[in-house]
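Everything below concerns the one structure shown next.
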Amino acid sequence: MNRTIKILLTLFLIVSFYSCQNKNLNKEKPNIVLIVADDLGWSDLSFMGSKYYETPNIDRLSKSGMTFYNGYASSANCAPSRASMLTGKYHPFHGIYTVRNSDRGNEKTRKIIPIKTKTKLELEYFILPEMLKAEGYSTGHFGKWHMGPKGYYPKQMGFDVNIGGNHHGGPGSYFPPYLKVDIENENDKEYLTDRMGDEVVKFIDFNKEETFFAYVPFYSVHTPIQSKKLIQEKYSNKIGDENHNRADYAGMIQSLDENIGKILNKIEQSGLSKKTLIIFTSDNGGIKSISNQFPLRAGKGSYYEGGIKVPLIFSWKGKIKENSESFERVSNIDFFPTIKNILGYENDNLNLDGLDLNPIFEGNKIEERALFFHFPIYLEPYNVHKDDGTDPLFRTRPGSVLIKNNWKLHHYFEDNKIELYDIEEDVSESKNLSEINIEKTKELFDDLEKWRKENNAPIPSMKNPNYNQKFVDSLNFLIKNKKISGKVNKNQTMDDKNPF
């Protein structure tokens with residue numbers, strides 16, 4: 001090697017070294033508070049347009065940072081959405097497609113045998129709190145876990161503290177004794193959402209001199225729909241509209257908002273606003289028969305917009321512009337890579353499926369990409385007259401969905417049915433354009449097929465020998481002629497007289 005080449009190589013190594021040093025100096029380790037409401041719909045907040053629900057504290061959070069108006073959950077129900085959020089990976093990676101069993105609904109109405117779903121997030125997966133723990137964070141979990149069977153709890157997966165998280169998907173009650181929640185009530189008059197808010201405040205206060213991660217997956221507003229009495233009475237005397245009008249649900253939203261206010265106040269009073277990134281979202285869409293997300297179609301459990309489009313806010317004083325808005329289509333699968341890049345975490349072998357959202361905070365665009373949703377399973381109806389899902393018998397049938405720019409493609413496995421919507425012009429997904437815009441349909445379907453092959457996404461194909469077309473026809477006749485009530489009880493399970 002001659003002298004000139006040696007000098008150039010040395011200069012290159014020096015420049016590279018200092019470039020890396022400067023890059024790392026620009027990285028920060030803010031406190032992180034990730035708040036996830038349960039079953040809160042896209043429009044169930046006053047800053048999102050509701051005139052009935054009152055959410056002054058979440059509105060304040062929205063004004064303090066960036067509101068995403070096209071934010072998505074990665075799945076239409078809780079366990080798979082949370083699994084993808086925590087791993088930063090799509091569903092074929094972790095195999096969690098729904099809660100409990102995947103053969104939901106009446107057996108005679110299912111044309112094919114669905115893929116079996118996994119019911120736990122494997123311990124070998126490296127998830128968001130474990131990354132933060134490796135970076136020296138104190139980590140706390142407050143609320144719903146629901147990532148595995150009994151005994152499979154947050155402390156096994158990167159959390160120092162666990163308050164209330166276990167294998168259950170919802171509380172037996174929001175009033176003492178709570179049932180299904182691993183927490184003892186401190187008094188007989190407390191309310192579960194209040195208790196969780198208080199515990200988060202204690203955690204922040206205890207760790208205010210350290211760097212902390214508070215994961216706050218509130219149980220609220222999941223069923224049972226139970227509000228504090230005085231708040232419910234307040235909304236009983238308030239006039240709602242055809243979409244938002246349920247006083248007990250409104251009371252739950254107010255309590256959720258009040259406790260988010262407690263957390264925001266503690267951060268501000270502790271002088272931590274400039275040191276704390278706050279993320280707020282919901283795990284999936286709202287239940288349509290409780291709160292209609294008009295103009296979005298359907299609700300929880302459906303892959304129409306009402307089931308997957310959710311509120312989303314990022315706030316970090318001095319880092320994210322106040323009162324800023326984004327209409328980029330983003331997902332909770334993007335949280336992991338966004339936080340990873342803020343920290344400058346060096347492991348490049350995670351192969352995360354989401355994208356870093358930091359360019360958006362800086363006023364730039366993220367790279368063009370599609371969002372994928374894979375659900376090779378069935379989900380039974382909540383209310384056959386109100387769900388507005390794939391058909392009255394199911395909120396969804398097995399299939400996949402792709403969203404790319406303003407186009408959305410549904411592909412259902414039972415009969416290869418294709419639906420294409422322009423969700424900018426038709427957010428209600430009322431006009432299927434698949435036979436009109438054949439070129440766009442083919443483009444998106446090819447993208448979906450490529451993704452499924454690359455990710456080994458399982459596709460059910462075995463026919464169900466117990467499927468009964470006559471039974472299906474008779475049910476549809478009864479539904480059409482209002483011979484089946486379709487109503488749900490207070491816990492959102494089907495009426496005992498209902499044949500589903």
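Read-outs throughout are calculated quantities, based only on the coordinates presented, and are distinct from any laboratory measurement. Keep in mind it's a predicted model, so treat the numbers as computed, not measured. Cβ placement follows ideal geometry from the backbone for every residue including glycine, while neighbour counts extend to all protein chains displayed.
Helices assigned as whole DSSP H runs in the chain whose Cα atoms extend at least 20 Å along their own long axis and whose mean Kyte-Doolittle hydropathy is -0.5 or higher are found at 3-25, 192-206, 247-269. Packing, taken as the mean count of other beta carbons within 10 Å per residue, orders the peptides 379-386, 407-414, 280-287 from highest to lowest as 280-287, 379-386, 407-414. Think of segment 31-366 as a dipole: +1 on every Lys or Arg Cβ, -1 on every Asp or Glu Cβ, centred on the Cα centre; then among Y137, S289, G95, S289 lies furthest on the positive end. Relative contact order for the chain: 22 percent, from Cα pairs under 8 Å spaced at least 6 residues apart, divided by residue count. Taking label positions 7 Å along the Cα-Cβ direction at both N468 and E130, the computed distance is 4.7 nm, reported to one decimal.
Computed from the Cβ-Cβ distance with R0 of 22 Å, the FRET efficiency linking R60 to F206 stands at 0.35. Gyration tensor analysis over the Cα atoms of segment 31-366 returns equivalent ellipsoid semi-axes of 26, 25, 22 Å (largest first, whole Å). Using C-alpha pairs below 8 Å separated by at least 6 residues, the relative contact order for segment 373-480 is 20 percent.
Adding -39500 (n - 2.57) for every DSSP H run of four residues or longer, then dividing by how many residues the chain holds, sets the calculated 222 nm ellipticity at -9000 deg cm²/dmol. Over all other residues within a Cβ to Cβ distance under 11 Å of P129, the charged ones net out to -1, with Lys and Arg as +1 and Asp and Glu as -1. Using the Cβ-Cβ distance between I459 and K483 with R0 set to 22 Å, the FRET efficiency works out to roughly 0.05.
Legend: distances between Cα atoms for K189/K266; K180/K288; K155/K228; K340/K365; pairs beyond 27 Å are K155/K228. Give the relative contact order (percent, whole number) for segment 214-297; include only Cα pairs under 8 Å separated by 6+ residues. With pairs under 8 Å counted, the relative contact order is 30 percent. The Cα center of segment 64-132 and the Cα center of segment 192-223 differ in position by 23 Å. Pairs spanning more than 25 Å between alpha-carbon atoms, out of K238/K309; K116/K300; K108/K386: K238/K309. A full extension of the chain between E184 and N476 corresponds to an added length of 100.4 nm, given 0.36 nm per residue minus the alpha carbon distance. Over all other residues within a Cβ to Cβ distance under 13 Å of E367, the charged ones net out to 0, with Lys and Arg as +1 and Asp and Glu as -1.
A simple count of charges around S461, restricted to other residues whose Cβ falls under 11 Å of its Cβ and scoring Lys, Arg +1 and Asp, Glu -1, yields +1. One Cα centroid belongs to segment 406-455, the other to segment 146-168; the line between them spans 38 Å.
Nearest 5 percent is fine: what portion of the DSSP beta bridges confined to segment 31-366 is antiparallel? Close to 25 percent.
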